Amino acid sequence: MPRLRVPAAMLTLVPLLLAAGLASPAIAQTQPAMPAAGQSAGFMPVGPERGARMEAVESQYGVPSAKLPPVGEPPIIRWVYPDYTVYFEREYVIHSVSNRLEN
């Protein structure tokens, strides 16, 4: 019987994928969502969802208290609202974060 040759990279990649849960999407989908580090179990997202366009954000949430100038390439733009800050890459939301600090 001929011997199967497996590249060395595959021998290390497969266990890493299995350990990360990436080799079995069915398992990953059945696990409950966990809050990110520093978030409480009752975490609720604030502000607009990822992927929303600037015009939709302004239409739905109103004019922000501050519109900060773009920084870097691609340009990252911040809009500050009283309770949260919205980060855009070009014209799309990439993240919304709460402005309040929890004790």
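The values are calculated or read from the model by the stated rules, or taken from the named source; none is laboratory data. Model, not experiment: these values are computed from the prediction. Here the Cβ is made from the backbone with ideal geometry for all residues, glycine too, and neighbour counts use every protein chain on show. Heads up: the accessible areas ignore ligands, DNA and RNA and are worked out on the full protein's heavy atoms, side chains in. Shrake-Rupley method; radii C 1.70, N 1.55, O 1.52, S 1.80 Å.
Each other residue within a Cβ distance under 11 Å of Lys67 adds +1 if Lys or Arg and -1 if Asp or Glu, for a net charge of 0.
Using a probe of 1.4 Å on the protein chains alone, the accessible area found for Glu73 is around 150 Å².
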